[in-house]
Amino acid sequence: MPIPVSALLGSPRRLMVAIVMFVALDLTVLLINLWIADQVARDAVAINLAGRQRMLSQQTTKALLLATTGKGNPDAARQEFSEAFGLFRRTLGAFADGGETQGGDGTPLQLERVDGEGARVVGAARRLIAPLERIASPARPQIPDAGEIAFAADYMVRHNREILDLMNTLTSVLEQESVHRTQQLRAIQTGAFVLALANFLLIVFGMLGKYRSVEADSRRWREMARHDPLTGIANRKAFVEAAEGILSRANIDAQPGTLLMLDLDGFKPINDSFGHLAGDQILISLADSFETTARATDIVARVGGDEFVMLCPTLHGDRDIALFCERIIATVVALPGGDFPGCRLGISIGVACYPDNGYDLNHLLALADQAMYTAKGAGGNRWHSA
């Protein structure tokens with residue numbers, strides 16, 4: 001039965017008991033959170049590795065086919081087969097018996113032994129690849145010869161679909177088991193949290209209402225100060241704050257990325273001829289399209305009338321940047337309502353990359369802006385790199 005607030009406030013002893021109970025329950029929730037986080041992390045590793053098995057199977061088959069056709073470097077293809085198949089087999093063993101395998105970055109990862117349906121799937125996969133183990137045995141010093149490679153290529157081509165199906169099943173089983181375990185832990189966590197919350201409400205009830213309205217207003221004004229009022233996406237202030245943090249971390253970790261400055265072509269004639277409402281609708285549609293085109297880690301902001309900026313962490317390489325910019329251009333060209341009598345909407349994109357152009361945000365913005373004007377001077381509806 002809950003203790004009345006008046007009784008708590010009128011009795012220091014009862015208040016102290018409630019505080020102690022709250023701290024104890026709060027610590028319990030914290031420990032359960034750590035438990036859940038650890039279990040979720042373990043499950044995520046297992047699920048990711050199960051998914052990687054599909055890639056390794058395809059990599060093994062591809063390397064074998066390259067080695068048999070003689071395209072490229074056959075010795076390198078044979079070596080790739082040995083490494084990919086070895087990692088595939090080693091990971092299956094870790095699933096089957098529990099133990100260590102290797103992550104994508106070469107770090108050792110520990111897996112727990114799978115049970116039930118997962119054990120059946122792993123066992124079937126191990127039996128299926130058994131004929132290839134002699135060829136790619138780690139105890140064998142020499143690289144497989146042409147006859148062995150031909151046999152292995154034929155075997156993998158015939159059984160690759162079956163292996164992929166087994167690995168898909170293993171991934172699904174691990175996901176289902178992870179969800180089930182997490183639900184059980186969440187139920188325990190919820191019970192402890194409800195008890196802690198009840199004590200918390202007993203202690204602070206009466207103090208929350210006084211500040212609730214002020215805090216709500218404060219949060220609303222902070223959000224408004226960081227969002228463009230027309231499009232709803234981030235404004236310059238929010239972009240600068242987020243971008244400086246990302247660039248700072250990228251500088252420490254030596255991570256690459258790209259900054260794009262985007263300026264519409266032909267927007268002013270549309271705005272002048274068809275009115276500001278039409279122009280505003282174009283800007284709103286463009287903002288939505290840019291956010292849809294952007295990746296989950298990208299930041300999209302409106303920094304001027306018809307100017308937008310994107311910060312794209314980890315986007316690097318001429319080919320990837322070109323594909324991304326072309327996708328943006330295609331999005332603008334295909335925008336509903338983008339064509340108006342006598343006017344056509346386009347976009348010019350300036351590109352600045354880090355670390356090639358440094359990690360200073362102002363410098364990157366200046367370079368991207370200059371590159372954007374170069375693209376616009378070349379006729380627009382294109383991109384140019386600083």
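What to note about this one:
- Tallying residues that are on the phi < 0 side of the Ramachandran plot, assigned to a strand (DSSP E or B) and in contact (Cβ under 8 Å) with a residue 12 or more places away in the chain within the stretch 96-109 yields 3.
- For the stretch 340-369, a residue qualifies if it is over 19 Å from Ala243 (Cα atoms) and not in a loop (DSSP other than H, G, I, E, B), and the qualifying residues are Phe340, Cys343, Arg344, Gly346, Ile347, Ser348.
- The single condition from (1) within 23 Å of Asp272 (Cβ to Cβ); (2) surrounded by fewer than 17 Cβ atoms within 10 Å (Cβ to Cβ) that Ala366 fails is (1).
- Qualifying positions in the stretch 163-191 - over 21 Å from Ala41 (Cβ atoms) and surrounded by fewer than 17 Cβ atoms within 10 Å (Cβ to Cβ): Leu164, Asp165, Asn168, Gly191
- Only one entry in Ile329, Ile347 is under 19 Å from Ile270 (Cβ atoms), of a type in the set (A, V, I, L, M), surrounded by 17 or more Cβ atoms within 10 Å (Cβ to Cβ) and in contact with a Leu (Cβ under 7 Å, 6 or more places away or on another chain), namely Ile347.
Quick grid of which residues meet (1) over 21 Å from Asp318 (Cα atoms); (2) not assigned by TED's automatic domain parsing to the domain that holds His363:
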{"residue": "Thr231", "(1), (2)": "yes, yes"}
{"residue": "Val240", "(1), (2)": "yes, no"}
{"residue": "Asp253", "(1), (2)": "yes, no"}
{"residue": "Pro256", "(1), (2)": "no, no"}
{"residue": "Gly266", "(1), (2)": "yes, no"}
{"residue": "Asp272", "(1), (2)": "yes, no"}
{"residue": "Ala278", "(1), (2)": "yes, no"}
{"residue": "Ile282", "(1), (2)": "yes, no"}
{"residue": "Phe290", "(1), (2)": "no, no"}
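Let's see how each residue does on (1) in contact with a strand residue (DSSP E or B) (Cβ under 7 Å, 6 or more places away or on another chain); (2) closer than 16 Å to Arg382 by Cα:
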residue	(1), (2)
Asp272	no, no
Arg302	yes, no
Leu323	no, yes
Leu364	yes, no
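- Filter result for Ile163 (β-branched (Val, Ile, Thr), part of a helix (DSSP H, G or I), within 18 Å of Thr60 (Cα to Cα) and assigned by TED's automatic domain parsing to the domain that holds Arg42): yes
- Test: residue in the stretch 62-80 that is within 32 Å of the chain's Cα centre (by Cα), in the same structural domain as Ile135 (by TED's automatic domain parsing) and either under 23 Å from Ile47 (Cα atoms) or of a type in the set (Phe, Trp, Tyr) (or both): no
Residue-wise test of (1) surrounded by fewer than 20 Cβ atoms within 10 Å (Cβ to Cβ); (2) in a helix (DSSP H, G or I); (3) of a type in the set (A, V, I, L, M).
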residue: Val17; (1), (2), (3): yes, yes, yes
residue: Asp38; (1), (2), (3): yes, yes, no
residue: Leu49; (1), (2), (3): no, yes, yes
residue: Met55; (1), (2), (3): yes, yes, yes
residue: Gln59; (1), (2), (3): yes, yes, no
residue: Glu80; (1), (2), (3): yes, yes, no
residue: Phe85; (1), (2), (3): no, yes, no
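- For the stretch 231-281, the set of residues classified as in a loop (DSSP other than H, G, I, E, B) and touching a helix residue (DSSP H, G or I) at 6+ places or on another chain (Cβ under 6 Å) consists of Thr231, Ile233, listed by residue number.
- For the stretch 200-230, the set of residues classified as under 17 Å from Asp26 (Cβ atoms), in contact with a helix residue (DSSP H, G or I) (Cβ under 8 Å, 6 or more places away or on another chain) and at pLDDT 65 or above consists of Phe200, Leu202, listed by residue number.
- Considering the stretch 297-322, the residues that are at pLDDT 90 or above and in a loop (DSSP other than H, G, I, E, B) include one that is nearest to the chain's Cα centre (by Cα), namely Thr297.
- Of all the numbered requirements in (1) out of contact with any Phe, Trp or Tyr (no Cβ under 7 Å at 6 or more places or on another chain); (2) assigned to a helix (DSSP H, G or I); (3) closer than 16 Å to Ala294 by Cα, Cys325 misses one, and that requirement is (1).
- One residue stands out among those in the stretch 151-162 that are touching a residue at least 24 places away in the same chain (Cβ under 8 Å) and of a type outside the set (Gly, Ala, Ser): the one that is surrounded by the most Cβ atoms within 10 Å (Cβ to Cβ), which is Met156.
- Boolean, Leu195 is at pLDDT below 85 and either over 30 Å from Met21 (Cα atoms) or in contact with a Pro (Cβ under 8 Å, 6 or more places away or on another chain) (or both): no
The values are calculated or read from the model by the stated rules, or taken from the named source; none is laboratory data. A quick note: this is a predicted structure, and the numbers were derived from the prediction, not measured. Neighbour counts are summed over all protein chains in view; Cβ atoms, including those assigned to glycine, are modelled from backbone coordinates with ideal geometry.
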